[in-house]
């Protein structure tokens, strides 16, 4: 059409043509070559894992001589529902955020939760109900939820410390899966002068909000260590000068006759159903039974630990 040649872009400049450039020198082939394995998240400068790693390194170097704490692989825990949230806040369960649904029908529990969170400096976020449904994975949250960060476990070797006050006393749990039992054990350890609790990393209970609540605040004072291999951890305690005693109904001695009470001790408590596992039992220096009247064959793990710790504390006080 006449005059179109004067329009911008109507003609090609430089006589270039569309299509592949002849004689590209293998540029396209090199562009298809791999660039090697993807770097780890910790090695990518702009990744949040890299920044977290830097913060962890800085925290460790700022406290020389102290072993770094270990975090579990799991994510944060969400406690949902008005009563559970209020109970968790009353028990001083560590919390990072309180979520309150938008346009919630407020009652005494909601007001108390907000008041407790404000007093403890816990951020309170007004959250759409759809987002709260997602955060709680569809649980019945009643417009209220609180986020509990992962528990910071200590290293088992921290419980070997000879400078701990009194005669060392540690409780190890073998196959315990109920968090309320863990909380009860922690409470008994605090009550009878114990120094810590050891739990296996796999197939075992961990420090959840329920364990915190059952401990009645004792979890803030009693350290909990997580062992990759419980049998190996018990062997390490033995090398550090501890005697390892296991609780079982078919014990070598009865609890009142425990002659090792004055020595550094690790008391191993098994599950109510299966008891001590074979390898753990073989690692123990002595198997102790709790005398019981009637037809009862076993005790709840938390109760068994409490009875044993009381007897050890009584025996130590008399000698």
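Values in this text are rule-based calculations from the coordinates and carry no lab data. All values reported here derive from a predicted model rather than from experimental measurement. Note that we place each Cβ from the backbone using ideal geometry, even for glycine, and neighbour counts take in every protein chain shown.
Need one word for the stretch 156-318: rounded, prolate or oblate. Basis is the Cα gyration tensor (sqrt eigenvalues a ≥ b ≥ c); a/c below 1.5 gives rounded, then a/b vs b/c decides. Cα axes put the stretch 156-318 in the rounded bin. Per-peptide packing, taken as the mean over residues of other Cβ atoms within 10 Å, places 300-311, 230-241 in the sequence 300-311, 230-241 from highest down. Its relative contact order, with pairs defined as Cα atoms under 8 Å and 6+ residues apart, puts the stretch 117-215 at 25 percent.
For an R0 of 45 angstrom, estimate the FRET efficiency from the Cβ-Cβ distance between residue 292 and residue 118 and round to the nearest 0.05. Computed FRET efficiency for residue 292 and residue 118: 0.40. Across the stretch 77-148, C-alpha contacts under 8 Å between residues 6 or more apart give a mean separation that, scaled by the residue count, equals a relative contact order of 55 percent. The label point for residue 314 and the one for residue 274, both projected 7 Å from the Cα toward the Cβ, are 3.2 nm apart.
What is the stretch 162-237 by shape, rounded, prolate or oblate, if you read a ≥ b ≥ c off the alpha carbon gyration tensor as root eigenvalues and call it rounded for a/c under 1.5, prolate for a/b larger than b/c, and oblate otherwise? Because a/c hits 1.5 or more and a/b fails to exceed b/c, the stretch 162-237 counts as oblate. Based on Cα contacts under 8 Å between residues 6+ apart, the stretch 156-318 shows a relative contact order of 28 percent.
Sort the stretch 239-278 into rounded, prolate or oblate with this rule: let a ≥ b ≥ c be the square roots of the eigenvalues of the Cα gyration tensor; rounded if a/c is under 1.5, and if a/c is not under 1.5, prolate when a/b is larger than b/c, oblate otherwise. Oblate. At an R0 of 25 angstrom, the distance between the Cβ atoms of residue 126 and residue 92 translates into a FRET efficiency of 0.55. For the pair residue 167 and residue 202, the difference between a 0.36 nm per residue extended length and the Cα-Cα distance amounts to 9.7 nm.
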